[in-house]
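The values are calculated or read from the model by the stated rules, or taken from the named source; none is laboratory data. Keep in mind the model is a prediction, meaning the values are calculated, not measured. When we count neighbours, we look across all protein chains shown, and the Cβ atoms used for this are built from the backbone with ideal geometry, even at glycine. Note: areas computed on protein heavy atoms with side chains; ligands, DNA, RNA excluded. Shrake-Rupley method; radii C 1.70, N 1.55, O 1.52, S 1.80 Å.
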Amino acid sequence: MNANVFDSRKLRQLPFAAMPDDALNLVLITPHHLRAGVYANMSKCWHTGTEFTIDFAVAPTGGQIDETSNSGTIEFDLVARIKMPPEMIFDLARQIAEEVDEFERDYRELTPRPPDDPHD
């Protein structure tokens, strides 16, 4: 493994690993060039035997649709690709569920898009 790559398995070996979650304050340092973030209105998740990948993209910039057969190709611009070990996917799913609950409490109920939505 590359010495510059952080191995999340080592996190469990550090002295604070036994501390309760609320006793540890993790601070994310965001580099200036990432502070604005990127906009995405489409995502896809896929996996291999060793990692999950989540791609984020923005609305179509081109493509061709055959309206008679309701088929074709839509091109999206990839804006970010996140790769993570399989064990992290449960933490991500939990965090997303918690944020959705909080959003709905604070603002409004969200309605999932239908499964046949072309942006899925």
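Between a first residue in the stretch 70-81 that is open to solvent by 80 Å² or more (accessible area, probe 1.4 Å) and a second residue that is β-branched (Val, Ile, Thr) and at pLDDT 85 or above, which pairs have beta carbons less than 9 Å apart while being 6 or more apart in sequence or on different chains?
Between residues of the stretch 70-81 that are open to solvent by 80 Å² or more (accessible area, probe 1.4 Å) and residues that are β-branched (Val, Ile, Thr) and at pLDDT 85 or above, the close pairs are Leu78/Val58; Arg81/Thr53; Arg81/Ile54.
In the stretch 46-57, which residues are of a type in the set (A, V, I, L, M, F, W, C) and farther than 10 Å from Lys83 by Cα?
Phe56, Ala57
Which residues, taken from the stretch 32-47, are in a strand (DSSP E or B) and surrounded by 10 or more Cβ atoms within 10 Å (Cβ to Cβ)?
The answer is Met42, Ser43, Lys44, Cys45, His47.
Could you please tell me which pairs satisfy a Cβ distance under 9 Å, a separation of 6+ or placement on different chains, a first residue in the stretch 99-116 that is open to solvent by 80 Å² or more (accessible area, probe 1.4 Å), and a second residue that is acidic (Asp, Glu)?
Close Cβ pairs satisfying both conditions: Arg113/Asp120.
Among the residues of the stretch 91-110, are any modelled with pLDDT of 90 or more, of a type in the set (A, V, I, L, M) and touching a strand residue (DSSP E or B) at 6+ places or on another chain (Cβ under 6 Å)?
No: the stretch 91-110 contains no residue that is modelled with pLDDT of 90 or more, of a type in the set (A, V, I, L, M) and touching a strand residue (DSSP E or B) at 6+ places or on another chain (Cβ under 6 Å).
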